[in-house]
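Some notes on the structure that comes next.
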């Protein structure tokens, strides 16, 4: 969390896009029946929400 707070807005937005791509890939692999680390889905979703919260805090300030 501390490392995320130190990043710029552009870096955070890029990270959200990257996490969404990874999340989509994991969902596809899960549907195809491939072995997937399912804990990563929850981790990515949480990280996206944390980043979105940080971005909204910066806009409000």
Which labelled figure in (i) 0.99; (ii) 1.07; (iii) 0.89 is Rg/Rh (Cα atoms, Kirkwood Rh), once derived from the coordinates: (ii)
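Just to verify a number: FRET efficiency for residue 46 and residue 8, C-beta to C-beta distance, R0 = 22 Å, to 0.05?
0.55
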Nearest-ten-degree value, helix 9-32 long axis tilted from longest Cα axis of the chain: 10
Segment residue 24-residue 58, extension gain: residue separation times 0.36 nm, minus the distance between their alpha carbons: 9.5 nm
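None of the figures in this text is laboratory data; all of them are computed from the coordinates on show. Predicted model, so just to flag it, every value in this text is computed and none were measured. Neighbour counts are summed over all protein chains in view; Cβ atoms, including those assigned to glycine, are modelled from backbone coordinates with ideal geometry.
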